[in-house]
Amino acid sequence: MADTLLDVRNLTVRFYTQDGIVHAVNGVTYQVHEGETVAIVGESGCGKSVGVMSLIRLIPQPPGKITDGEVWFEGQNLLELPEDELRHVRGNRIAMIFQDPMTSLNPVLTIGYQIEEALQLHLGLSRTEARQRAIELLKMVGIPDAEKRIDDYPHQFSGGMRQRVMIALGLSCNPKLLIADEPTTALDVTIQAQIIELVKRLRDELGMAVIWITHDLAVVAGLAQRVLVMYAGQIIEAGNVFDIYQDPRHPYTLGLLNSIPRLDKVGRRLEPIEGLPPDLLSLPKGCPFAPRCRFRIDRCLEENPSLSPVAPGHEVACWVDVRTGRPR
Amino acid sequence: MEITQKNGNIILRVENLKMYFPILRGLIIQRKIGDIKAVDGVSFFIRRGETLGLVGESGCGKSTTGRAILQLYRPTGGHVYFEGKDLTKLKGRELRQMRRRIQMIFQDPYASLNPRMTVEAIVGEPLEVHGIAKGKAKRERVQELLAQVGLNPYFINRYPHEFSGGQRQRIGIARALAVDPDFIVCDEPISALDVSIQAQIINLLQDLQEQRGLTYLFIAHDLSVVRHISDRVAVMYLGKIVEMADRDELYENPLHPYTQALLSAVPIPDPEVEMKRQRIILHGEVPSPANPPKGCNFHTRCPRVMDICREKEPAFVDVGGEHFVACFLYSDKVAEESEVTTG
């Protein structure tokens, strides 16, 4: 197995708001290996975005606060790094692309300026070198007429093209890790397919690791090697992509897979997960999924299970074995 | 037109529907300098009790089609026959009466409910407008409706902000059901909801259809959802329907190159299936509906484009078994209007 690139240990993030303390991320532990693609899957509010933004301290502090945990990346604990040193990691060693490229690009600067700025800052290129490299990057992500379009402003690009620009910007400094936060959610399905193919190709060419955050289980089935499923700020199941889709062991993962219609299967009634996700202001005692769980036993309401292995590389946080419905 | 000759218990027939929005220029004296052809000659029919799925990517005109059917926009051209009556010709009281029969469920459950109205006022409003019930009778009817959509009837004095997205969508459904309609246009009713909640709403819509014999026009961009809920499916691209067929026929035997590409782009939540799949990746992007390409709309991105596609527009023809497609690969027939303009 390849070397560990990113080692996240017991990451805990809270938001101190007027209404109380939001328990956004509650003790998340995982590793990403070099060149590996890890998907983090969950519904809105499960802490998947906050969790990865906290890795490079991008959450607003206050009201947010990383109350516990360590994030080891290339021998450094990013949570303890001084701000100016962390800035050499952000955008350089770890790059991030977001759901809505329009809000992450500056609307009053040309895209060329924005890419060149990063290249000059992080790699110390001269202006002419940076421009040359920016054109190369735009060509690499498939922007036609890159020489001309480099002087265009973000609004002159369509949604899919803007996301390509964001990817070019993210890749400008050859990062070791690319964090993609729902990068295709705002895009149409044919454009989504283009972007996924692009990221796959670039990942293999450049040998970088990818963390891909999504609420859509289907999107990452063909993309990720490992999948982490999050619920209420915790990882409730982790395993390789085949484990998660073909042998899900957590009632929530099972519920998610049974509740989505599949293009290639028809005629089965959907099995929704009843109820609503919990309020992160006041998490229930015990397992956060227990109130909605079909397999619930008394213990679930009292004690919150932690991740434990059920097979090599496959971990689940559940007191019950979903295959038998009996306690494990 | 071929489509109109098919029989069966047809509740809604749309013929050559066009919805253009003017592009204006000038601050004080506004001149029209062009049209956005959001819907450009769409024809289809829906049988009583069935669900027609209308799919396409953003900007293809699927929502505009839904709104033009309800006469929320007055169509630029064409006809919408509901039980034989042309809605485009109705006005005032007559139109309002028809709206009792046709209702709509909107995409955004946050924007489609008035935040200053209680649930009772929201769901009860159509009852009052149409003179169906007042006072205590209205209140009872609202409680009944809430129970039917799976909400607690005691919630009637609450305001929309007290509900989650899925619950709000249930309120929107209760409002649509209040006047006991026959036909409901569902405009992306689950797109704004979380994955685990989407299935709840899909099942609710299916149950209500069964109980009340409802007919749905189900507008969505998610092809997996449309396959699940529809009896027949129509695929739209740039203001036109390019293909329409029975659900299984369309998904298992797609004919139009656009439908083929669209289906191949949809991810399937199974890594083994995904590994084996061959994707047709479409290049380029959808042209602007203000300036659609000459000939077939899709020729700029089509992997199987021929010379004729750049010149003439293909007719929407039945290639057998009510499988309609607008493509020269399957028929030489040219669309009627295109003959006039190119001739």
Notebook entry, point to check: So which residues in the range A:240-262 are of a type outside the set (Phe, Trp, Tyr) and facing chain B (nearest Cβ under 7 Å)?
Noted result: A:VAL241, A:GLY255, A:LEU256, A:LEU257, A:SER259, A:ILE260, A:PRO261, A:ARG262
Notebook entry, point to check: Can you name every residue in the range A:178-187 that is at pLDDT 85 or above and touching an Asp or Glu at 6+ places or on another chain (Cβ under 9 Å)?
Noted result: A:GLU182
Margin query: Checking the structure you have, find out if any residue of the range B:209-228 is farther than 30 Å from B:ASN291 by Cα, touching a Pro at 6+ places or on another chain (Cβ under 6 Å) and among the hydroxyl-bearing types (Ser, Thr, Tyr).
Written below: yes
Notebook entry, point to check: Just a yes or no: is a residue in the range A:177-188 at the interface with chain B (Cβ under 8 Å from one of its Cβ atoms) and under 14 Å from the mean Cα position of the chain (by Cα)?
Noted result: no
Check: Does B:LYS37 meet the test of being part of a strand (DSSP E or B), surrounded by 16 or more Cβ atoms within 10 Å (Cβ to Cβ), in the same structural domain as B:ASP222 (by TED's automatic domain parsing) and among the basic types (Lys, Arg)?
Finding: yes
Checklist line | Tally of residues being touching a residue at least 60 places away in the same chain (Cβ under 8 Å) and basic (Lys, Arg) across the range A:241-266 | finding: 1
Next item on the list: List every residue pair whose Cβ atoms sit under 6 Å apart, with the two residues 6 or more apart in sequence or on different chains, where the first one lies in the range B:201-217 and is more than 14 Å from every other protein chain (Cβ to nearest Cβ) and in contact (Cβ under 8 Å) with a residue 60 or more places away in the chain and the second, anywhere, is surrounded by 15 or more Cβ atoms within 10 Å (Cβ to Cβ) and of a type in the set (Ser, Thr, Tyr).
Entry: B:TYR216/B:THR51
Margin query: Looking for something small (Gly, Ala, Ser), without any contact (Cβ under 8 Å) to a residue 60 or more places away in the chain, part of a loop (DSSP other than H, G, I, E, B) and under 20 Å from B:GLY165 (Cβ atoms) - is there at least one such residue anywhere in the range A:232-240?
Written below: no
Next item on the list: Return yes or no: is A:LYS265 of a type in the set (Lys, Arg) and within 13 Å of chain B (Cβ to nearest Cβ)?
Entry: yes
Next item on the list: Scan the range B:134-154 for residues that are in contact with an Asp or Glu (Cβ under 8 Å, 6 or more places away or on another chain) and either open to solvent by 50 Å² or more (accessible area, probe 1.4 Å) or within 25 Å of A:SER44 (Cα to Cα) (or both) and report the count.
Entry: 2
Next item on the list: Tally the residues that are part of a loop (DSSP other than H, G, I, E, B), free of Cβ contacts under 8 Å to residues at least 24 places away in the same chain and open to solvent by 80 Å² or more (accessible area, probe 1.4 Å), restricting the search to the range B:301-313.
Entry: 0
Check: Tally time: how many residues in the range A:21-37 are more than 14 Å from chain B (Cβ to nearest Cβ) and either over 27 Å from B:VAL195 (Cα atoms) or β-branched (Val, Ile, Thr) (or both)?
Finding: 9
Margin query: Among the listed residues A:LEU202, A:LEU198, A:LEU223, A:LEU169, identify the single one that is open to solvent by 30 Å² or more (accessible area, probe 1.4 Å) and of a type in the set (A, V, I, L, M, F, W, C).
Written below: A:LEU169
Checklist line | Residues of the range A:115-149 satisfying the condition of being crowded, with 16+ Cβ neighbours inside 10 Å, over 24 Å from A:ALA193 (Cα atoms) and β-branched (Val, Ile, Thr) | finding: A:ILE115
Next item on the list: Within the range B:131-152, identify whether any single residue is away from every other protein chain (no Cβ under 14 Å), more than 30 Å from A:ARG292 (Cα to Cα), among the small types (Gly, Ala, Ser) and assigned to a helix (DSSP H, G or I), and answer yes or no.
Entry: yes
Next item on the list: Determine whether B:LYS32 is open to solvent by 70 Å² or more (accessible area, probe 1.4 Å) and either farther than 29 Å from B:ASP207 by Cβ or outside any loop (DSSP other than H, G, I, E, B) (or both).
Entry: yes
Check: helices (runs of 4 or more DSSP H) wholly in the range A:131-212 with at least 1 residues that are touching a residue at least 60 places away in the same chain (Cβ under 8 Å) - which ones?
Finding: A:159-171, A:189-206
Next item on the list: Within the range A:296-307, identify whether any single residue is within 14 Å of chain B (Cβ to nearest Cβ), surrounded by 15 or more Cβ atoms within 10 Å (Cβ to Cβ), touching a residue at least 24 places away in the same chain (Cβ under 8 Å) and within 22 Å of A:ASN10 (Cα to Cα), and answer yes or no.
Entry: no
Item checked: Hits in the range B:251-268 - residues which are hydroxyl-bearing (Ser, Thr, Tyr), surrounded by fewer than 22 Cβ atoms within 10 Å (Cβ to Cβ) and under 21 Å from the mean Cα position of the chain (by Cα) -> B:TYR251
Check: Can you name the number of the only condition in (1) open to solvent by 20 Å² or more (accessible area, probe 1.4 Å); (2) within 30 Å of B:HIS323 (Cα to Cα) that B:GLY239 fails?
Finding: (1)
Next item on the list: State which residue is farthest from the other protein chains (Cβ to nearest Cβ) when the search covers only the range B:227-286 and only residues that are of a type in the set (Gly, Ala, Ser) and part of a loop (DSSP other than H, G, I, E, B).
Entry: B:GLY239
Margin query: Between B:PHE316, B:PHE328, which is open to solvent by less than 40 Å² (accessible area, probe 1.4 Å), under 26 Å from the mean Cα position of the chain (by Cα), over 28 Å from A:HIS215 (Cα atoms) and of a type in the set (Phe, Trp, Tyr)?
Written below: B:PHE328
Next item on the list: List every residue pair whose Cβ atoms lie under 8 Å apart, where the two residues are 6 or more positions apart in sequence or sit on different chains, the first residue falls within the range B:51-70 and is closer than 24 Å to B:THR88 by Cβ, and the second residue, located anywhere, is part of a loop (DSSP other than H, G, I, E, B) and of a type in the set (S, T, N, Q).
Entry: B:THR51/B:SER230; B:LEU52/B:SER230; B:GLY53/B:SER230; B:SER63/B:GLN107
Notebook entry, point to check: Take the residues of the range B:269-284 that are touching an Asp or Glu at 6+ places or on another chain (Cβ under 9 Å) and surrounded by 19 or more Cβ atoms within 10 Å (Cβ to Cβ): which is farthest from A:VAL219 (Cα to Cα)?
Noted result: B:ASP270
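The values are calculated or read from the model by the stated rules, or taken from the named source; none is laboratory data. Computed from a prediction, not measured in an experiment: that's the story for all the values here. When we count neighbours, we look across all protein chains shown, and the Cβ atoms used for this are built from the backbone with ideal geometry, even at glycine. The area values use the complete protein model at the heavy-atom level, side chains included, leaving out ligands, DNA and RNA. Shrake-Rupley method; radii C 1.70, N 1.55, O 1.52, S 1.80 Å.
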